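Everything below concerns the one structure shown next.
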Amino acid sequence: MERKQIFNITLWIVALLIINIIWANVASNEASQQLNDRGFEFQDDREVNLQAVFGSSAELPVTITSEFVHQDDPSRQANVSWRLLDSSGNVVLNWAGSTNEVASLDAELPPGDYTLNTTVEDNIVAIQHLDVAPFAPISTIGHVLLSLLLVALAFTESFVRRYLSKRIEQSGEKENKPREFRKARIGMPEMEGVEESDNSPWRDPITL
């Protein structure tokens, strides 16, 4: 195998690794939705929308993190809870605890509309956000498709390069043929290979 060919194959392998690493980082990224937070008006019912990507109906990995703090007395303990309801009103996730407690729940939910219902006492600040990884369900499919596309591109590039190289070689062989073996070109008296006739009306004038 020629050194140039080995170098070309190595470049494609490196490209394959790079594109899969980039896709792995994209697939692991999370989008965050702020539900309740400091400095914002508390709402006991918050709409949550989980959107699918590329029409996928696979369940999405989500994490709901919540923390509750008493506004007047941070050391005060009070009971708090929340429930996540789907569009039909069914409880799909729920949590109950007390203030000054950070809770994080992981789950996998199908795409759709949900409602986060939170129950707290007065003067309690709720800090709640939801993280979702929208590309995680299609992570494996993405690796396969991107790898196949890159391999197809490599074979196409190799075919086109060989085809162009062959055409250039054939063109060079035609140019190197002796003049008597070249195809005569007609219709252009000024071109090479066509001599002017002695009886041509376009002869040079006779000079003394």
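The values are calculated or read from the model by the stated rules, or taken from the named source; none is laboratory data. Keep in mind that what you see is a predicted model, and the values were worked out from it rather than measured. Backbone-built Cβ (ideal geometry, glycine too); neighbour counts: all protein chains shown.
Is it true that Asp122 is touching a strand residue (DSSP E or B) at 6+ places or on another chain (Cβ under 8 Å), surrounded by fewer than 17 Cβ atoms within 10 Å (Cβ to Cβ) and either within 26 Å of Gln51 (Cβ to Cβ) or of a type in the set (Asp, Glu) (or both)? Considered against the rule, which asks whether it is touching a strand residue (DSSP E or B) at 6+ places or on another chain (Cβ under 8 Å), surrounded by fewer than 17 Cβ atoms within 10 Å (Cβ to Cβ) and either within 26 Å of Gln51 (Cβ to Cβ) or of a type in the set (Asp, Glu) (or both), Asp122 comes out as no.
If only one of Ser98, Ser104, Ser75 is more than 24 Å from Asp131 (Cβ to Cβ) and either surrounded by fewer than 14 Cβ atoms within 10 Å (Cβ to Cβ) or of a type in the set (Phe, Trp, Tyr) (or both), which one is it? The match here is Ser75.
Scanning segment 95-118 for residues that are touching a Leu at 6+ places or on another chain (Cβ under 7 Å) and without any contact (Cβ under 8 Å) to a residue 60 or more places away in the chain yields Trp95, Leu105, Ala107, Glu108, Leu109.
Exactly one residue out of Glu59, Glu47 is of a type in the set (D, E, K, R) and surrounded by 15 or more Cβ atoms within 10 Å (Cβ to Cβ): that is Glu59. Taking the numbered list (1) surrounded by fewer than 16 Cβ atoms within 10 Å (Cβ to Cβ); (2) assigned to a strand (DSSP E or B); (3) of a type in the set (S, T, N, Q) in turn, Ser88 passes all entries but (2). Could you say whether any residue in segment 6-26 is modelled with pLDDT of 85 or more, of a type in the set (Gly, Ala, Ser) and out of contact with any Asp or Glu (no Cβ under 6 Å at 6 or more places or on another chain)? Yes, that holds for at least one residue.
Applying the criterion of being at pLDDT below 85 and out of contact with any Pro (no Cβ under 6 Å at 6 or more places or on another chain) to the residues of segment 125-139, the residue that is surrounded by the most Cβ atoms within 10 Å (Cβ to Cβ) is Pro137. Restricting segment 34-84 to residues that are assigned to a loop (DSSP other than H, G, I, E, B) and of a type in the set (Phe, Trp, Tyr), the residue that is nearest to Leu116 (Cα to Cα) is Phe42. Look at Thr65 and say whether it is at pLDDT 90 or above and crowded, with 18+ Cβ neighbours inside 10 Å. No; evaluated as a whole, the condition is false for this residue.
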